[in-house]
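Since every read-out is calculated from the coordinates, none of them should be taken as a lab result. Fair warning: this is a prediction, and the values are worked out from it, not measured in the lab. No Cβ is skipped: glycine too gets one built from the backbone with ideal geometry, and neighbour counts run over all protein chains shown.
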Amino acid sequence: MKRLSALTLGLLLLSAQSAFAAEVLAERADHTAGKVFGGLGGVILGGAAGGPIGALVGAALGAWTGAGTQGVLGLSDTAYLVETDDGAQRVVRSPNLRFEDGELVSIRGNRLARPEH
């Protein structure tokens, strides 16, 4: 019973969304959705055609093709290169909100948000 309580507490702490202050450095095109769908299709087709090795090759080619297709069709999502308070830079997706270069933002989980005052 104690192990279950410790596990539950650990999961709750890991799932808590922390907020970090950051500054937007640049906007980037994000093709994650294309990579995922292309990779899944490639795994299925490559696995059927060439077994496990074919599945790996198909996944890589499918992800590459899916990302390219998403970009060509103009369906790219938006991601931002941000610099956090500790000087680290990372790319964070923001499909619903738009930000300008130099704008101060909050990072909540794996998304950008407007800072709360």
Checking the condition free of Cβ contacts under 8 Å to residues at least 12 places away in the same chain and farther than 28 Å from Glu23 by Cβ, which residue from Ala88, Ala60, Ala48, Ala55 passes?
Ala48
Does Gly42 meet the test of being buried (at least 16 other Cβ atoms within 10 Å of the Cβ) and small (Gly, Ala, Ser)?
yes
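For segment 88-102, give me each residue that is among the hydrophobic types (A, V, I, L, M, F, W, C) and over 18 Å from Thr32 (Cα atoms).
First pass over segment 88-102, keeping only residues among the hydrophobic types (A, V, I, L, M, F, W, C): 88, 91-92, 97, 99.
Correct list: Ala88, Phe99.
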Extreme residue, farthest from Val24 (Cα to Cα), among residues of segment 86-101 that are of a type in the set (S, T, N, Q) and over 11 Å from the mean Cα position of the chain (by Cα):
Asn96
